[in-house]
1. When only DSSP loop residues count, what chymotrypsin sites (Phe, Trp or Tyr not before Pro) in region 51-97 have their Cβ near at most 16 other Cβ atoms within 10 Å?
2. Once the Cα gyration tensor of region 37-147 is diagonalised, what are the square roots of 5 times its eigenvalues, in whole Å and ordered largest first, as equivalent ellipsoid semi-axes?
3. Quick check: residue separation of Ala244 and Lys292 times 0.36 nm, minus the Cα distance between them. What number comes out in nm?
4. PRE reach from Ile61 (point 7 Å along Cα→Cβ): which of region 83-127 fall under 15 Å by backbone N?
5. Using a Förster distance of 35 Å, how high is the FRET efficiency between Tyr190 and Glu45, based on the Cβ-Cβ distance and rounded to 0.05?
6. Translational diffusion coefficient, Stokes-Einstein: compute it for region 239-287 using the Kirkwood radius over C-alpha pairs as Rh, at 4 °C and 1.567 mPa s, and state it as an integer in µm² s⁻¹.
7. Figure the gain on full extension for Glu68 and Asn133 (residue separation times 0.36 nm, minus the Cα-Cα span) and round it to one decimal in nm.
8. Please list log₁₀ I(q)/I(0) at q = 0.26, 0.34 Å⁻¹ for region 30-70, using the Debye equation with identical point scatterers on the alpha-carbon positions.
Amino acid sequence: MPNTVMQAQINGNSYIDVCKKPIEFVEVPSPQFLTRGQEGFISCEVTGNPTPTIHWKFNHITHINDNEDYSIVDGGLVVNDVALHDAGTYTCRARVKKTGAVESKDIDVKVYEMPEFFQVPENKSGIEYSSVNLYCNAKGTPEPTLTWLFQGEELTDDEKYFIGMDFGFDDLEGSTEYTLKVACRNEVGYSAFTEPVLFETSDYRAPHAPVVISSTKSDKQDLYLLEWMPPNDGGMELISYGIAYTEVIANDVELWETIENIPSYDTQYTINNLKPNTGYQIELWANNKMGKGDVTTVDMTTTAGESVNNPEYHNAGAESILKYSLSLIFICITVAIFKT
């Protein structure tokens, strides 16, 4: 806009020409970005003649003054020790008291975070011809990406690797040691690579699936005797068995009950507290030092007959004993009367 000329009176008689320039925001980008934990600067360069006075607001409500959190300087606002809650809308308001001119500009401010790990991969063992997954998690704003170094070389997505927050590697070679490092980065910066993670393969594997030999129809209404033959142990001693079971309900959520740490020398287990005349799905597996083995699934049904735990069953037995005892007493009394 063109400059204008106004006259100012001095000592009531003399006049000088004063160059008048309207308020103008010269350098006010939006959005602007700050980094958490660092000193941030929000740029707002304003010109005008007379020189305008600058005031700041946060989210259209809070007035900002010079304090331990902020410093108002020429050309902008300094934010000390940026925190996540410093993200929001900042209003830069310019006012010329002499002319009454007021202009303002809103600035969208986002807070970025340096990327950092809160879970890093751990050393792990694998088995030949299988796969291994190593897990890590990183945080930051914007969301960080990961760079993986496998055997000293940077990896990219292909058929062999899964790249993201987790690392997967298929078709492991036996008796081999692999090394892996990972770093995270975003627009703010990047982390250092983690310490080398080792995973070593062996010729061992998790157990094969046990072979179930029990019937798929229980002769009891509230329990089922699950029997099995020990599986191939994968070359390592079995540690335990595990069982999980759920009631088969159409179009409903499956609620699984799990039984862990069944001794490795056992080959049967009684599942109690089942519902009569009800279908169940049962899973059985073995464990060794390599982990959980292959799972065998069994579909079975309880009977609608009388339960061995039915109180009436036990009452009937007690009633029979009572009748027998009364009979003996009657016979003894009869013999005694006859002798008399």
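1. Details: sites: Trp56, Phe58, Tyr70, Tyr90; in loops: none.
Answer in residue order: no site qualifies.
2. With the √(5λ) rule applied to region 37-147, the semi-axes are 48, 12, 10 Å.
3. Details: separation 48, 0.36 × 48 = 17.28 nm, distance 1.29 nm.
Between Ala244 and Lys292, full extension yields an extra 16.0 nm.
4. 85-91
5. The formula returns an efficiency of 0.65 here.
6. Values: Rh = 11.9 Å.
Once the numbers are plugged in, D ends up at 108 µm²/s.
7. Going from the current span to full extension adds 18.7 nm.
8. Taking Cα atoms of region 30-70 as identical point scatterers yields -1.20, -1.21.
Just so you know, all these numbers are worked out from the coordinates, no wet-lab data involved. Nothing here was measured: the structure is a model prediction, and the numbers come from that model. So basically every Cβ, Gly included, is an ideal-geometry build from the backbone, and we count neighbours across all protein chains shown.
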